[in-house]
Structure formats: structure tokens, C-alpha cells
Amino acid sequence: MPGLPFDPATTPYVSLVTYRKTGAEVKTPVWIAKNAGAYYVFSEAKAGKVKRIKNNSTVKIAKCDLKGRVSSDWISGCAQLVTDEKEIAEMYKAFDQKYGWQTRSLNFIAKLTGRIKKRAIIKVKLS
């Protein structure tokens, strides 16, 4: 996207900020992939970030490393949980294209253990 401080589609990790009911920020390093003009993150459905997004859809992201050390300016956006199976399938293809064997390995194990059915898919639209 033009005018953004970094391209989320090409960076390996982003720090995703969600907000507690008190307004306090919670930063989490996550993988992110782009599909059809939106960005996607997946998570354990019971994770705190999913609960926080249900209460407050406002989010922001910044480029970071595996440990969450931020290395760019922040980009504001809003998030929503995705339930459409076709959209989820397309999202997984985008992750496979970006992360390759890492995503395929993670998803293989998640399928074997049944954890893939316990995921939440988060769509992030940037402002």
C-alpha cells in the first residue's frame, strides 16, 4: 500500500496491538499475510488477542522481529474475526505462498492434533 511505513505483505513478523477494556495496549508478534486487499493473522481461538478484538476492533501494526522488537512506525486499522470458509481457504493459500514450508508444517501438525479447528482467523484492514 502506498504511503505506509513498511509493507506488511513482505515483512516476516508484525507486532499486532490490541486493546484491553482499560485501553491498555497489548503487543503480540504474529505472522501476517495479504489476500484480496486485506491482511490476515491466525491465532488460537481462546487467545487474549481474539477476546480483545471481540471487545474492541481497533488495532495497529508495526514491523518487528520474532521477539516483538518494533522497527517501524505504527499503522492503524481495524480487525474482525472471519468465519467464511472460502475466505479462510484463500487466507491459508496466502500464508502458504508467503511462509512456505513453515506454514505447511505448522498446519500439518495442527491438523493431526485437531488444533486447526480451534483457530480464529483475524482480518485486519489498515487505515
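The values are calculated or read from the model by the stated rules, or taken from the named source; none is laboratory data. In this text, all values refer to a predicted model and were calculated from it rather than measured experimentally. Cβ sites come from the backbone with ideal geometry, for glycine too, and all protein chains shown count toward neighbours.
Overview of values
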{"read-out": "Residues of segment 113-127 satisfying the condition of being in contact with a helix residue (DSSP H, G or I) (Cβ under 7 Å, 6 or more places away or on another chain) and more than 18 Å from N55 (Cα to Cα)", "value": "I116"}
{"read-out": "Answer from K63, K98, K125, K111 - the residue that is closer than 15 Å to A9 by Cα and either surrounded by fewer than 16 Cβ atoms within 10 Å (Cβ to Cβ) or among the hydrophobic types (A, V, I, L, M, F, W, C) (or both)", "value": "K125"}
{"read-out": "Residue, farthest from the chain's Cα centre (by Cα), within segment 1-41, restricted to residues that are in a strand (DSSP E or B) and hydrophobic (A, V, I, L, M, F, W, C)", "value": "V26"}
{"read-out": "Selection count, segment 42-87, where residues are of a type in the set (S, T, N, Q), assigned to a helix (DSSP H, G or I) and either touching a helix residue (DSSP H, G or I) at 6+ places or on another chain (Cβ under 8 Å) or free of Cβ contacts under 8 Å to residues at least 24 places away in the same chain (or both)", "value": "0"}
{"read-out": "Test: residue in segment 76-91 that is over 15 Å from I121 (Cα atoms), surrounded by 17 or more Cβ atoms within 10 Å (Cβ to Cβ), modelled with pLDDT of 95 or more and out of contact with any Phe, Trp or Tyr (no Cβ under 7 Å at 6 or more places or on another chain)", "value": "yes"}
{"read-out": "Residue list for segment 1-24, restricted to those being more than 15 Å from G77 (Cβ to Cβ) and exposed (fewer than 14 other Cβ atoms within 10 Å of the Cβ)", "value": "P2, T10, R20, K21, T22, G23, A24"}
{"read-out": "Failed item, numbered, when E90 is tested on (1) within 19 Å of Y13 (Cα to Cα); (2) touching a strand residue (DSSP E or B) at 6+ places or on another chain (Cβ under 9 Å); (3) part of a helix (DSSP H, G or I)", "value": "(1)"}
